[in-house]
There are 4 protein chains.
Amino acid sequence: LAAAVAAGKVRVPTHIVSTICDDRGEEPTYYGVTMSELIEGDYGIGDVISLLWFKRKLPKYATKFIEMCVMMCADHGPCVSGAHNAIVTSRAGKDLVSCLVSGLLTIGPRFGGAIDDAARYFKVACDAGQTPSEFVEGLKRKGIRVAGIGHRIKSKDNRDKRVELLQKYARKFFPSTRYLDYAVDVETYTLQKAPNLVLNVDGCIGALFLDLLASSGCFSDKEAAEIVEIGYLNALFVVARSIGLVGHALDQKRLQQPLYRHPWEDVLYTS
Amino acid sequence: LAAAVAAGKVRVPTHIVSTICDDRGEEPTYYGVTMSELIEGDYGIGDVISLLWFKRKLPKYATKFIEMCVMMCADHGPCVSGAHNAIVTSRAGKDLVSCLVSGLLTIGPRFGGAIDDAARYFKVACDAGQTPSEFVEGLKRKGIRVAGIGHRIKSKDNRDKRVELLQKYARKFFPSTRYLDYAVDVETYTLQKAPNLVLNVDGCIGALFLDLLASSGCFSDKEAAEIVEIGYLNALFVVARSIGLVGHALDQKRLQQPLYRHPWEDVLYTS
Amino acid sequence: LAAAVAAGKVRVPTHIVSTICDDRGEEPTYYGVTMSELIEGDYGIGDVISLLWFKRKLPKYATKFIEMCVMMCADHGPCVSGAHNAIVTSRAGKDLVSCLVSGLLTIGPRFGGAIDDAARYFKVACDAGQTPSEFVEGLKRKGIRVAGIGHRIKSKDNRDKRVELLQKYARKFFPSTRYLDYAVDVETYTLQKAPNLVLNVDGCIGALFLDLLASSGCFSDKEAAEIVEIGYLNALFVVARSIGLVGHALDQKRLQQPLYRHPWEDVLYTS
Amino acid sequence: LAAAVAAGKVRVPTHIVSTICDDRGEEPTYYGVTMSELIEGDYGIGDVISLLWFKRKLPKYATKFIEMCVMMCADHGPCVSGAHNAIVTSRAGKDLVSCLVSGLLTIGPRFGGAIDDAARYFKVACDAGQTPSEFVEGLKRKGIRVAGIGHRIKSKDNRDKRVELLQKYARKFFPSTRYLDYAVDVETYTLQKAPNLVLNVDGCIGALFLDLLASSGCFSDKEAAEIVEIGYLNALFVVARSIGLVGHALDQKRLQQPLYRHPWEDVLYTS
Ligand SMILES: CC(C)(COP(=O)(O)OP(=O)(O)OC[C@H]1O[C@@H](n2cnc3c(N)ncnc32)[C@H](O)[C@@H]1OP(=O)(O)O)[C@@H](O)C(=O)NCCC(=O)NCCS
Ligand SMILES: CC(C)(COP(=O)(O)OP(=O)(O)OC[C@H]1O[C@@H](n2cnc3c(N)ncnc32)[C@H](O)[C@@H]1OP(=O)(O)O)[C@@H](O)C(=O)NCCC(=O)NCCS
Ligand SMILES: CC(C)(COP(=O)(O)OP(=O)(O)OC[C@H]1O[C@@H](n2cnc3c(N)ncnc32)[C@H](O)[C@@H]1OP(=O)(O)O)[C@@H](O)C(=O)NCCC(=O)NCCS
Ligand SMILES: CC(C)(COP(=O)(O)OP(=O)(O)OC[C@H]1O[C@@H](n2cnc3c(N)ncnc32)[C@H](O)[C@@H]1OP(=O)(O)O)[C@@H](O)C(=O)NCCC(=O)NCCS
């Protein structure tokens, strides 16, 4: 049988379908691009992400944007949930993968995972031609916070540098910034309500990815909608933050920190 | 082909070999024991563990001992690494499995994982007829701590209740406690060095499992050695503590605790 | 400061609140019950789960029911998602915790996680006095499958032994089986539609837990509703299956199986 | 107290020490480099990795080398352990992070984790001036395989493209390739034993990182030794492969693949 299969005469019914990387030939290929082409041509990590996730080659300004997102989301200090858990696991003497994973598992609705929702909300509202007031008040009636809006510390007069840098880049290189403009209009409206209701970095990345999907000419409407619906964009944060979580895990090993035990006096034992 | 396979005429070369549970018949069986037999006969969770891990039915005193270990290792408060990470993940709004897993990943050499090593060391030393002094000083020369010995708080005059309970049970029901006796002799020796070098719960479980493997008449010497070498015993702690980690994750959800952020002032930023 | 804190004079604002296990005294306690009491009194693993998750002592018939659920969900062969991933990870030479965790992460809507939803649906429908027909057709209109109903292989004339065993037990020992009776009425209705639309083991556990919450006299209505809403019941499956996943991981190590590689000829490479 | 802490008057004893990223100021910094500098200066993802892991700025040829490693290790098809587990978890309907993590946990001694060991062995041998024959035969006597040597498919006459590309780059840009040259000498020796005992991609990355640590002028000998001992280099593979694992998880969601169940006929049920 094995011989027959090898000879291509019979074919066992396949149980797995896969589309992104072919490892069967001389060189592995990423959506058709060989390793040699990747390294000798003018490709970077942003291109690898495009090929493996979006299954197409994107223009330079787009892959550079992806790399900027990865760079700016790579770390945000030792106090956030993800880094904290990676640190605790590293101090328990566990291997690097366990440390990384223990941290990654905290990424979700409250930490690192607002990009997809921001994109989903902005897309629906902007495509439907809602005014910022209609959009914001509509969500408010349903008791939903505007994803991508709001910050603990940043405010009207103390903007988030990362948001500024992304906007500046997109206005210079993107064919259109229609969704970003909409997001900024929403921010203008919410800033009238409270000074900390700024467009945050998740909201900015979400809106700009919508612009990329819509105006790069690389995605059909159906493809763009599918990407937003399935939720590809939080993955940018996940991969980016892996770099930081690894950094924290290795840092603790280098510092030879002992087993972490949360202090008793910081716990309220109640019932 | 599928038809031929179904008819048993040809057989695709199997890629997986498995021995513990058969799900193909009327009822799933655990090492041959059907569900009905499990529930209607006098079986408990200790028997399920015996059947699925050790692939044999163990006597009642042994499965009761396994259940005691599970009960006593199920939780140890919110401050230890495992519970802490489960709590942080739960407060990040993640699903139950993610919380549990984030906590489990801290179990290892410094937290919860000294049972196998304790069993390994005690077995070699006791089988070789080393005196406690030879054993302890031998490890010391190699710079290795005696696994299963030592406690943060417990001491000569303030014994660990769990160790007392396990010893009492084993002396009453086990055919032999040769390895436990050896471990206690080691403790007598180490207590001369420092009052906190008591036999701890990991060491006690490790030694008692050696006794069970050697004297229950259910394991050949080769089988016993394999179990100790592969390291089955930490799994008792892992499964037991799953109960507690789930408890902590659900507790935080019930208390509707917000995202955890470690306080800045508790971190020393250095280089 | 540390001294002041110790003296109880000042109190740093606590960052963690916890309720289930107190590790500060002589012996750790599970919701107030000491280790000695647990072991010397007539407690079992079902009681430990009650104390740590539900924060109360439940009657014997209830804790025995919990233990039956754990026993019957402990494993279901090597082919299901969870066992498969644990096997693959074990064959990659990874530690026991990594193997277990890799398997646990597959538990969810399609594998092992229908107990909470079954309980949620049955509770709403039964409390509202819906007839089985109203209930089933109502869900159908919304395009939702009835959680807890349906099986790949089992059918009208080939019942699931586990469901039979649980029903028999509950009818003998539970004060009321109102929700189970409702679930069985639903089954009678769905069986008219197709012979495989039987009450499955998830549905049976979900309904019976509702009966336990409502009729044991141990939970207020508010507490019962909270447990169903937060979703405590899938945790029974998660803890139970941990036993089986550990079994599969150890099994592969004992069999010294090499690195698993999925066969090329079983994959359809497409675009 | 909180006020006093804020005022810097008292300082609670810190429980966490951290060195890589400071999130307290206007902009977060990666080892002192601000976000603006990162984006507006000529920095890339290789620089972010250098700053967060190695805590220093590395020359361009070095950060480009890091990026090449990430690009070439990003994916290797759906059949390898990591991709397979990510695919199975995705098909169980789980969230992206769970899929990624289930795959990452397979990375270790047999899959993706030979870079650190290759570096460790080559360093000791080369620094000690061992001839390739002494080195290889010495390991053989201890029953240890030469990490970084050997391949399933590639051989003398069918070299791995990735290894060729990395060598070519390093010979052009690295100040020294002493360790690579040593690794190639080892390969020359092992190729006399069998045609598939080529220098593989893990071995090539391991040797070249040794060259980078030794000849870039950025690391003291002590620092280089610490990096090799702690094991930083497998992390390159881990972060790189995260990209591919995410790709596979999203791929399955897009293809709406159902729950995976390993085929019964591919399993040998034995005892
Ligand atoms: C980022 C965030 C958690 C910061 O929260 P915070 O500064 O602690 O704000 P608070 O929760 O104290 O809210 C302050 C007020 O602003 C309102 N508010 C905050 N964020 C809001 C939003 N996104 N949309 C609408 N109202 C918002 C709150 O409802 C609250 O109003 P109230 O006092 O009348 O109840 C919050 O803005 C948010 O949830 N944003 C949406 C999700 C998001 O984008 N997260 C990105 C981080 S990954
Ligand atoms: C459990 C344990 C971590 C408690 O440690 P601790 O109370 O913080 O003890 P310390 O690390 O402060 O050690 C105090 C002294 O006792 C010695 N010591 C502690 N445990 C020892 C052991 N198991 N064997 C030999 N010496 C030991 C230390 O070397 C130290 O001696 P020193 O001051 O001359 O260097 C420790 O005893 C240990 O590592 N035991 C072995 C592993 C084990 O069984 N763990 C079970 C928990 S899962
Ligand atoms: C368990 C289950 C996956 C078995 O599925 P299956 O045998 O492969 O059944 P199929 O998916 O082939 O469905 C066959 C028909 O029965 C219907 N059906 C199956 N389960 C149903 C349910 N729970 N409620 C209503 N209709 C159902 C299907 O819609 C389908 O009808 P159609 O042919 O008109 O479209 C399925 O019954 C189910 O999803 N049940 C609900 C979830 C659940 O309880 N899971 C427990 C396992 S943890
Ligand atoms: C990569 C690897 C698993 C490929 O293995 P393979 O092609 O299946 O080779 P086999 O296991 O069939 O070995 C064939 C023969 O070559 C020998 N061999 C293979 N790799 C060897 C190595 N690295 N050093 C010494 N001998 C080796 C084997 O011992 C065997 O000899 P034998 O028949 O006399 O017993 C193997 O070469 C290896 O383990 N290398 C070291 C680890 C490593 O670098 N892994 C990189 C992948 S992440």
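What region B:17-88 shows is 25 Å² of accessible area per residue, with the surface traced by a 1.4 Å probe over protein heavy atoms. Sites listed here are trypsin sites (Lys or Arg not before Pro) in region B:7-104 whose DSSP assignment is loop and whose Cβ has at most 10 other Cβ atoms within 10 Å: B:9. Give me the Debye-computed log₁₀ of I(q)/I(0) at q = 0.05, 0.06, 0.09, 0.10 Å⁻¹ for the protein assembly as shown, equal point scatterers on Cα only, no solvent, two decimals. Here the Debye-derived log intensity ratios amount to -0.33, -0.48, -1.15, -1.44.
Placing unit charges on the Cβ atoms of the charged side chains and taking the dipole of chain A about its Cα centre, the candidate lying farthest along the positive direction among A:131, A:255, A:268 is A:268. So which aspartates and glutamates can residue B:193 reach, going by Cα to Cα under 17 Å and dropping same-chain residues fewer than 8 places off? Of all the aspartates and glutamates, those that pass the test against residue B:193 - Cα under 17 Å, at least 8 places apart if same chain - are B:134, B:137, B:157, B:185. Once you place label points 7 Å from the Cα toward the Cβ at residue D:171 and residue A:218, how far apart are they in nm? Going by the 7 Å Cα→Cβ label model, 3.4 nm. Counting only protein heavy atoms and a 1.4 Å probe, region D:200-271 has 32 square angstrom of accessible area per residue.
Comparing B:230, B:87, B:149 in a Gaussian network model of chain B (Cα springs below 10 Å), the most mobile by mean-square fluctuation is B:230. Computed in the context of the full set of protein chains, the accessible area of region B:97-197 at 1.4 Å probe radius has 51% of its extent on carbon or sulfur.
Other protein chain C-beta atoms within 10 Å of residue C-beta, averaged over A:24-36: 4. Taking all Cα pairs closer than 8 Å and separated by 6 or more residues, the relative contact order of chain B comes to 25 percent. Basic side chains Lys and Arg get +1 at the Cβ, acidic Asp and Glu get -1 at the Cβ, and with that the dipole of region C:55-135 about its Cα centre reaches some 360 debye.
Inter-copy label distances at residue B:176, shortest first and taken from points set 7 Å along Cα to Cβ: 5.7, 6.0, 8.2 nm.
Say the cut-off is 24 Å between C-alpha atoms; which of B:161/C:55; B:60/C:64; C:60/C:154 go over it?
Table pairs above 24 Å Cα-Cα are C:60/C:154.
Each Lys and Arg adds +1 at its Cβ and each Asp and Glu adds -1 at its Cβ; summed about the Cα centre, region D:32-74 shows a dipole of about 220 debye.
Counting protein heavy atoms only, region B:211-271 has 49 percent of its accessible area on carbon and sulfur, 1.4 angstrom probe.
Among the residues of region A:148-166, those with an accessible-area drop of 50 Å² or more from chain alone to full protein complex, heavy atoms and 1.4 Å probe, are A:161, A:165. Treating r as the C-beta distance of residue B:36 and residue A:270 and R0 as 41 Å, the FRET efficiency rounds to 0.40. If only the Cβ of Lys and Arg carry +1 and only the Cβ of Asp and Glu carry -1, the dipole of region B:212-271 around its Cα centre is close to 380 debye. The other copies place their residue B:128 label points at 2.4, 7.1, 7.5 nm from this one, listed shortest first, where each point is 7 Å from Cα along Cα→Cβ.
One equal scatterer on each Cα of chain D, no solvent, Debye formula: the resulting log10 I(q)/I(0) at q = 0.08, 0.11, 0.14 Å⁻¹ is -0.44, -0.77, -1.08.
Interface between chains A and B: roughly 3200 Å² of accessible area buried, both sides summed (probe 1.4 Å, protein heavy atoms only). Inter-copy label distances at residue C:164, shortest first and taken from points set 7 Å along Cα to Cβ: 4.9, 6.6, 7.4 nm.
The values are calculated or read from the model by the stated rules, or taken from the named source; none is laboratory data. Quantities reported herein were computed from a predicted structural model and do not represent experimental measurements. Please note: Cβ atoms are built from the backbone with ideal geometry, for glycine as well, and neighbour counts cover all protein chains shown. Protein only, heavy atoms only, side chains kept; ligands, DNA and RNA dropped before computing areas. Shrake-Rupley method; radii C 1.70, N 1.55, O 1.52, S 1.80 Å.
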